[in-house]
Amino acid sequence: MLRITQTLRKTLAGIAMLVIGGTATAQDLNSALNLTYQEQFDAADKAFSILSQNAPANGKYFYYSGENQLASYFIDPVNIPFDAIAKKAVERYNKGIAANPNEPLNYVGIGKVALIQKNKTVADENFAKAQTFLPAKKVKSILTKPEQATLLVRLAEAYVQVGSTDTGLVFSLLRRAEVLDSKNPEIYLVRGDYWFYTLNNGSRAAENYKRSQDFSPQSTRARVRLGQLYTQIRSYQDALEYYQGALAIDPSFAPAYLEMGFLYAKTKQPEESKKNFKEYLNLSSSNIAAKRRYANMLIQTEDYKGAIEQIKQIMDMDSVSFNDLNRALAYSYFEEKQYAQAKYYIGKFFSNAPAEKISPKDYLYSGRILIKNQLDSVGIINLSKAFELDSSNIDLLSEIAAAYNKTKKFQNAGDTYKLKIQLTNGGVNDHYKMGRAYFDAKNWTEADSAFAKVNRMSPDFEPAYLFRARVYSNLDPDTKDGLAKPFYEKLVEKASADSVKYGKDILEAYNYLGYYYLVNKQYCESLAFWDKIISFNLQNNIVNQITIGMSKSNVINMLGQPENISKTETNNGTEELLSYSNYGKTINIDKLGKVNFINTTGNANPANENALSALKDLKPRCPEFKSANQPTQ
């Protein structure tokens, strides 16, 4: 469909070349065709209507009027339903046949619509009818040779637009046209499009575009074609020169500004992009199609406020025809964090969109919007639908898993991470997150498997040892068998590399080991670990690391959540007081979220009550034990 869009836009730009100049009628037709090319479709439709009224027997006017209808669809085929446009186009082609049955272009038009709709029978019938106007054995044609060439080019162009792989047919039609009118630049434009968009051969495409330019040196169209080609292959400076060359010939040539707008957007120059799109908008008489393109560009450059403003202007002009505006507003309001508005417009879009017009990206945004509106379950369904439609978006699985975690559906979260790993082999973080999800789901087997994999992939990644130890602690709730013992011992080994960062984990390991030996009546070994808790001296290792200017988040990361947070209004703004009685400290946080004062509130005791109690109770059972913390006499 993208190929159809691009080649049709370009072909319509060249139709004017095929009109014989020199008369007032031809000039009027060229003016109407130029309106189509400038994407002023309503104005073009009116112009063709006037031409048809003034010359009702001229079938060409109806043909070009039908082409104008198709052009209005192909600028945005994702959002505009084709059937309604096709009906209008076919009506005009049929009127052209009724006006002049001997004008073959209208049969080409009907065949092209059928070809796009994949109705090969109707397409073949009409293309065959059009070709009866070409000369055959002992039968002369009523068409001039240039008209015959035009007919062959139009037939070839229809196949090019749908990406036909019948190269023999396409090239044969163009060669026959070339024999009849070798200097017709349109032949080489259509052939260039075929090489570029269907056969993916930029060199041969450029060769034909340049040949077209040779036969029409003042043509802006060939230059824009070459600019689009070089943009496609990311040769942006060359592309820019071709666009500027087109504007040097005709400064009012709106499509060149449009393409430069896209180019600057691709090269991350949003202000230049906007500037060129605005010029395109002005030259296009600010018609709805142009405004919609500008709004889409603003979204691409992440100017969501500007996009919302532009879309509102369009909706003031026409709030019914373009359901994609509801989509664009939903996207923009989401990015602006106005989630209620986003929900309203994405709902409106889905209500009015045919199923085939809803893209994976629509489901993606819908899912995110619903989750932001606390509708997590429905949001997950839409995120999952987005992945189902576009399974190349592997990172979306992490987002879905995170949403499952938020709703406490931990098994689903783990399974989603597992799917991501199956599709990508996964990194350390993926395996760890999968393990955490299965841990929270109490799926100990899967959790242990995930953490064991992390141990192998990243032997120094401490959190995986911690949670693997916790897995086995849960499998042995009485601690009698000591299933977690080797894992906590390994944790101490790994965590000791940064005892400040992993201080709480080390204390957890010491608590477990002390309790394990206690349960198994190995009192001296148990005493050693309770004593280590005190020796570790959490106060000196952690709380003394808190310094003036440290952020509140870093304080909490090091000490955990405070027992109490009180707020005070001061001359310097709102300040917070974090209370940590375990450490005998209160920490004052200023309005910038930084530590500005640390106060000692009492005798800080880093040892927890269990350790102190155990030391007291177990000492009689192991009289030979000597504490490393015993005061010097």
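The values are calculated or read from the model by the stated rules, or taken from the named source; none is laboratory data. Everything quoted here is computed from the prediction, not taken from an experiment. Methodologically, a virtual Cβ is constructed for each residue, glycine included, from the backbone with ideal geometry; neighbour enumeration extends over all protein chains shown. With ligands, DNA and RNA removed, areas are computed over all heavy atoms of the protein, side chains included. Shrake-Rupley method; radii C 1.70, N 1.55, O 1.52, S 1.80 Å.
Some observations on this one:
- Search result, residues across region 287-343 that are outside any helix (DSSP H, G or I) and touching a residue at least 40 places away in the same chain (Cβ under 8 Å): Asn287, Phe322, Asn323
- Where a residue in region 177-206 is more than 16 Å from Gly227 (Cβ to Cβ) and its partner, wherever it lies, is open to solvent by less than 40 Å² (accessible area, probe 1.4 Å) and part of a loop (DSSP other than H, G, I, E, B), with Cβ under 7 Å and at least six apart: Ala177/Asn184; Pro185/Ser216; Pro185/Ser219; Thr198/Gly163
- Of all residues in region 102-121, exactly one satisfies the criterion of being touching a residue at least 24 places away in the same chain (Cβ under 8 Å), over 12 Å from Lys60 (Cβ atoms) and surrounded by fewer than 18 Cβ atoms within 10 Å (Cβ to Cβ), namely Gln117.
- Which numbered condition Val179 misses (of (1) more than 21 Å from Asn106 (Cβ to Cβ); (2) over 38 Å from the mean Cα position of the chain (by Cα); (3) surrounded by 13 or more Cβ atoms within 10 Å (Cβ to Cβ); (4) modelled with pLDDT of 95 or more): (3)
- Single match in Val139, Val170 (criterion: surrounded by fewer than 23 Cβ atoms within 10 Å (Cβ to Cβ), free of Cβ contacts under 8 Å to residues at least 12 places away in the same chain and among the β-branched types (Val, Ile, Thr)): Val139
- Of Asp440, Asp430, all but one fail to be buried (at least 20 other Cβ atoms within 10 Å of the Cβ) and either on the phi > 0 side of the Ramachandran plot or of a type in the set (Asp, Glu) (or both); the exception is Asp430.
- Among all positions in region 547-564, there is no residue which is acidic (Asp, Glu), assigned to a helix (DSSP H, G or I) and either touching a helix residue (DSSP H, G or I) at 6+ places or on another chain (Cβ under 9 Å) or under 29 Å from Ala452 (Cα atoms) (or both).
- Asn544, sole failed condition from (1) farther than 23 Å from Gly503 by Cα; (2) open to solvent by 30 Å² or more (accessible area, probe 1.4 Å): (1)
- Cβ-Cβ distances below 6 Å connect the following pairs, each with a first residue in region 262-273 that is assigned to a loop (DSSP other than H, G, I, E, B), a second residue that is modelled with pLDDT of 90 or more, and a separation of six or more residues or different chains: Thr267/Tyr236.
- In region 246-279, the qualifying residues are those that are farther than 12 Å from Tyr294 by Cα, open to solvent by less than 60 Å² (accessible area, probe 1.4 Å) and aliphatic (A, V, I, L, M), and the one that is modelled with the lowest pLDDT is Ala254.
- Only residues that are touching a Pro at 6+ places or on another chain (Cβ under 6 Å) and open to solvent by less than 30 Å² (accessible area, probe 1.4 Å) were counted across region 359-408, and they come to 1.
Listed here are the residues, each with its yes/no results for (1) open to solvent by 30 Å² or more (accessible area, probe 1.4 Å); (2) more than 25 Å from Thr267 (Cα to Cα); (3) out of contact with any strand residue (DSSP E or B) (no Cβ under 8 Å at 6 or more places or on another chain).
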{"residue": "Leu281", "(1), (2), (3)": "no, no, yes"}
{"residue": "Arg292", "(1), (2), (3)": "no, no, yes"}
{"residue": "Asn296", "(1), (2), (3)": "yes, no, yes"}
{"residue": "Asp303", "(1), (2), (3)": "yes, no, yes"}
{"residue": "Glu309", "(1), (2), (3)": "yes, no, yes"}
{"residue": "Tyr331", "(1), (2), (3)": "no, no, yes"}
{"residue": "Tyr344", "(1), (2), (3)": "yes, yes, yes"}
{"residue": "Pro354", "(1), (2), (3)": "yes, yes, yes"}
{"residue": "Lys357", "(1), (2), (3)": "yes, yes, yes"}
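- Test: Arg327 is crowded, with 17+ Cβ neighbours inside 10 Å, among the charged types (D, E, K, R), under 27 Å from Ala239 (Cβ atoms) and touching a helix residue (DSSP H, G or I) at 6+ places or on another chain (Cβ under 8 Å): no
- Qualifying residue in region 60-70 (condition: at pLDDT below 95, among the polar types (S, T, N, Q) and within 32 Å of the chain's Cα centre (by Cα)): yes
- Looking across region 461-486, the residues that are part of a helix (DSSP H, G or I) and open to solvent by 60 Å² or more (accessible area, probe 1.4 Å) come down to Arg470, Asn474, Leu475, Pro486.
Okay, residues lined up against (1) within 33 Å of the chain's Cα centre (by Cα); (2) closer than 29 Å to Ile308 by Cα; (3) aromatic (Phe, Trp, Tyr):
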position	(1), (2), (3)
Val190	yes, no, no
Leu199	yes, no, no
Ser212	no, no, no
Ala222	yes, no, no
Pro270	yes, yes, no
